[in-house]
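S.K.: Okay, here's the structure, questions in a sec.
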């Protein structure tokens with residue numbers, strides 16, 4: 001049954017992905033504006049401009065452009081960026097690593113902290129600790145990301161000068177025979193402010209979700225049975241209640257990791273972090289069709305696969321769930 005379910009889900013993912021592939025092509029070409037005005041020098045002659053349009057393939061009928069687009073995708077090519085003049089796959093390869101480093105780290109850290117604090121809050125329901133953690137989580141959850149990011153940047157970067165105002169590294173430290181330890185410390189130094197922003201923002205949602213799920217689980221019959229058997233409270237909390245209560249959090253973390261592939265565009269823009277999100281904003285605003293399409297396709301594929309992984313993790317964590 002499990003194998004049949006996986007095969008069925010893979011077929012479903014392939015079908016949905018092809019629909020997204022098609023929709024992205026037409027949505028970008030029907031959107032206002034055009035890539036020519038963004039990249040063509042106004043001093044060029046009409047002949048040179050026509051030559052550039054031909055090179056981009058924009059002089060062909062829409063149906064022919066679509067066939068080329070589908071063919072390129074299935075042959076592993078995303079085309080060439082209108083703005084950079086480089087293969088899109090190379091641009092994504094250069095940016096994707098920075099996004100994964102920052103957003104995977106922040107999501108995992110926030111999830112671990114949120115699960116632990118949510119478990120503690122639910123176990124101490126109605127206490128001062130529970131009230132404090134709940135209020136703290138609500139504040140974190142409702143923070144406006146650009147405001148909070150700019151506040152951290154202004155206070156800890158501009159005023160106090162503790163952290164850099166942006167970027168991912170100090171160029172002079174990465175040339176010559178600088179030791180790997182110095183390079184790693186420099187990367188961490190640049191990473192702390194955006195990491196702190198994402199950690200605080202995500203922590204609130206995971207804490208509240210875990211607390212709510214834990215409170216629901218604590219009312220289940222098997223928890224009452226565990227107490228009746230004389231198990232210690234710590235084992236009941238950690239081995240029985242928390243494991244099942246973490247299921248909704250796993251779903252949230254899985255989808256957060258998937259959507260983080262777009263780099264949290266605003267965060268990357270504010271901290272000038274050279275990831276996929278920042279590149280996506282640029283590609284959309286400049287009608288760079290190949291680059292924007294590839295970024296969105298990557299996000300869609302990761303989200304679809306993440307949904308499948310989360311479903312399988314559910315069955316692994318809870319034997320009552322079968323497919």
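Each value in this text was obtained by applying a stated rule to the coordinates, not by laboratory testing. These numbers come from a predicted model, not from an experiment.
S.K.: Tell me what the chain gives for mean residue ellipticity at 222 nm when only DSSP H runs of n ≥ 4 count, each as -39,500 (n - 2.57), the sum divided by the residue total, rounded to 500 deg cm²/dmol.
M.R.: Details: 14 runs with 224 residues, N = 323.
Helix contribution divided over all residues of the chain: -23000 deg cm²/dmol.
S.K.: Note the angle between two axes, namely the Cα long axis of helix 128-142 and the longest principal axis of the Cα atoms of the chain, as a number of degrees from 0 to 90, rounded to the nearest 10.
M.R.: 10 degrees
S.K.: From the square roots a ≥ b ≥ c of the eigenvalues of the alpha-carbon gyration tensor of region 82-224, which class results: rounded (a/c under 1.5), prolate (a/b over b/c), or oblate?
M.R.: prolate
S.K.: Where is the GNM fluctuation largest for the chain (alpha-carbon springs, 10 angstrom cutoff): 204, 275, 126?
M.R.: For the chain, modelled as a Gaussian network with Cα springs under 10 Å, the answer is 126.
S.K.: Which whole-number percent of Cα pairs in region 54-113 have a distance greater than 13 Å? Show your work: numbers first, answer last.
M.R.: Details: 1267 of 1770 pairs.
I get 72 percent for the Cα pairs in region 54-113 exceeding 13 Å.
S.K.: When the scattering of the chain is computed by the Debye formula from its Cα atoms alone, each counted once and equally, what is log10 I(q)/I(0) at q = 0.06, 0.12 Å⁻¹?
M.R.: -0.30, -1.01
S.K.: Moving on to the next point. In a Gaussian network model over the chain where Cα atoms closer than 10 Å are linked, find which of 301, 173, 112 has the largest mean-square fluctuation.
M.R.: Taking springs between Cα atoms under 10 Å, the residue moving most is 173.
S.K.: Return one number: the angle in degrees, 0 to 90 and rounded to the nearest 10, between the long axis of the Cα atoms of helix 2-30 and the longest principal axis of the Cα atoms of the chain.
M.R.: 40 degrees
S.K.: Pick from 155, 265, 111: which is most flexible by mean-square fluctuation in a GNM of the chain where alpha carbon atoms under 10 Å apart are linked?
M.R.: Per the Cα network of the chain with a 10 Å cutoff, 155 tops the list.
S.K.: For helix 46-56, what angle does its Cα long axis make with the longest principal axis of the chain, in degrees from 0 to 90 and rounded to 10?
M.R.: 40 degrees
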